[in-house]
Amino acid sequence: MHILADSTYGSCCVDEKTAKHVCGDSLIHFGLSCLSATQRIPVLFIFTKPNVSIDEGVSAFRKTFQPSDEVLILFDVIYESVSKEMFENLCSTHPHTILANLMIPGAAAEKGGLIIHGRRIETCTPTEDIKKVFYVGSNERTLLNFLLRLPSAEFLIFDPKTLQLKERRSHVMKLLMRRNYYMERLKDASTVGILVGTLAVESYLSIIAQIRETLASTGKKFYIVSIGEITPPKLANFPDIEVRIIENVDIML
């Protein structure tokens, strides 16, 4: 048995390449996960079940939303069991509440419904028609992914760790603004670096091909760099690169 504790980008990522370097036959991943499907090795996900009180969240939900409101419950993976318990408590008073179901990579998945970042929603409603979301969790990158997919929805955020209830966090919106800024910088850059990490992301080869095709069509010069840990000395080897696209992470900023 080997204990791998050096994830390059964050604890949510499965570093299957390093696991194969020690001739691993399988891998057990604990805690937070971005749910990226692995390509080289079977993975058992253990999301844990935090012992937290749901009373504050249930109470805040009932005070905020009307019984007739259609509300979607989304969550961090480690709070899947917490979200299910909250949903069961809310069914009697808010019958139009919808709970997203976690889609575990490699497991048999039900067909149909709407898929949003590893969560399956049993509805045919387009994403633009989802107007109210109750988010259970504290991971900002997961929340930011949901905000990008549901930009017109009203988000109410319940953090089971602190029992605090907030609307869209101002610093999350700052991340969105920064992301938009770098997208504008990319339009003006003449030389672009595509950084390919060593972690597992489904269909990453097709993503790289799409990025290359897009850059080539706009006349931009580009480098493809396979990299483990991102450090300033490594990036300094390519001084003419003006903007870098980080591929193989659960979110691009």
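Restricting the calculation to alpha carbons of the chain gives Rg and Dmax of 20.1, 61 angstrom.
For the chain, the longest stretch holding no trypsin sites (Lys or Arg not before Pro) located in a DSSP loop with at most 14 other Cβ atoms within 10 Å is which? Answer from the scan: 162-253. Here the residues Val196, Val77, ranked from fewest to most Cβ neighbours within 10 Å of their Cβ, fall in the order Val196, Val77.
Given contacts defined as C-alpha pairs under 8 Å and at least six residues apart, what's the relative contact order of the range 174-247, whole-number percent?
Relative contact order comes out at 51 percent.
About the centre of its Cα atoms, the chain shows a dipole size close to 500 debye [charges on the beta carbon of Lys, Arg (+1) and Asp, Glu (-1) only; nearest 20 debye]. Here each label is just a point 7 Å from Cα along the line to Cβ, and for Phe30 and Ser68 those points are 4.9 nm apart. Computed extension length for Asp129-Leu163: 9.4 nm, one decimal, from 0.36 nm per residue of separation with the Cα-Cα distance subtracted. Per-residue Cβ neighbour counts within 10 Å put His2, His94, His117 in the sequence His2, His117, His94, beginning with the fewest. Each label was represented as a point 7 Å from its Cα along the Cα-to-Cβ direction; for Ala107 and Ile208 these points are 3.1 nm apart. Put simply, the amide H of Leu99, placed in the peptide plane, has neighbours under 5 Å in Ile73, leaving out anything fewer than 5 places away on its chain. Considering the options Phe65, Leu143, Ile207, tell which one lies farthest towards the positive end of the dipole of the chain, charges being +1 on Lys and Arg and -1 on Asp and Glu at the Cβ, about the Cα centre. The residue sitting most towards the positive pole is Ile207. Between helix 55-64 and the chain there is an angle of about 80 degrees, using the helix long axis and the longest principal axis of the Cα atoms.
Values in this text are rule-based calculations from the coordinates and carry no lab data. Because the structure is a prediction, the values reported are computed rather than measured. Positions of Cβ are backbone-derived with ideal geometry, glycine not excepted, and every protein chain shown enters the neighbour counts.
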